[in-house]
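The values are calculated or read from the model by the stated rules, or taken from the named source; none is laboratory data. Because the structure is predicted, anything quoted here is derived from the model rather than measured. Cβ placement follows ideal geometry from the backbone for every residue including glycine, while neighbour counts extend to all protein chains displayed.
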Amino acid sequence: MKRKIYIVSTLIIVILIGFVGGAVDILLSDSVIKIANDLGYPLYFFTALGVLKIVGGAMLLLPKKLDRIRDFAYAGFALDFLFASYSHYSSGSNIEEVIIPFVFLVILAISFSLKNKTTLFKSSEI
């Protein structure tokens, strides 16, 4: 059961935030441009953030023996979620936009807390 929770929580972060979120940031969709304007960030910030999200998502898929590298990815995503929430709060965004990054932070914390108890891939799959 722990393995399934770990897989689901990790893949939510990797796919939704890392790969899809990173691609949307890099492509500077209309929603990203609106958010950048609302928060007062330059557009190049989101391009760089998108690249780092994709790299971080890939890092979370690394095998257990590269755990230190995965820890950097967890830290990076945690900072992303904390600063996203703070940016929305500071700019006067509605409460949903402030809370959503915390929801992903909880999912990330679940993945992090289970990462040493189980693996994403069975040993025969690596």
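Of these, Asn94, Asn116, which one is surrounded by fewer than 14 Cβ atoms within 10 Å (Cβ to Cβ) and at pLDDT below 95? Among Asn94, Asn116, only Asn116 is surrounded by fewer than 14 Cβ atoms within 10 Å (Cβ to Cβ) and at pLDDT below 95. I need the full set of residues from the range 69-111 which are among the acidic types (Asp, Glu) and within 15 Å of Lys53 (Cβ to Cβ), in order please. Selection gives Asp80 alone. Restricting the search to helices (runs of 4 or more DSSP H) fully inside the range 1-75 and requiring at least 2 residues that are among the β-branched types (Val, Ile, Thr) and at pLDDT 95 or above gives 22-27, 30-39, 43-60.
Taking the listed residues Tyr6, Tyr86, the one that is exposed (fewer than 13 other Cβ atoms within 10 Å of the Cβ) and either closer than 18 Å to Ser113 by Cα or without any contact (Cβ under 8 Å) to a residue 12 or more places away in the chain (or both) is Tyr86, with no other qualifying. Only residues that are more than 15 Å from Pro101 (Cβ to Cβ), within 14 Å of the chain's Cα centre (by Cα), among the aliphatic types (A, V, I, L, M) and surrounded by 16 or more Cβ atoms within 10 Å (Cβ to Cβ) were counted in the range 9-51, giving 2. Looking at this structure, is Phe102 surrounded by fewer than 18 Cβ atoms within 10 Å (Cβ to Cβ), within 13 Å of the chain's Cα centre (by Cα) and in contact (Cβ under 8 Å) with a residue 12 or more places away in the chain? Yes.
Here Lys34 does not fit the description of being charged (D, E, K, R) and in contact with a Phe, Trp or Tyr (Cβ under 9 Å, 6 or more places away or on another chain).
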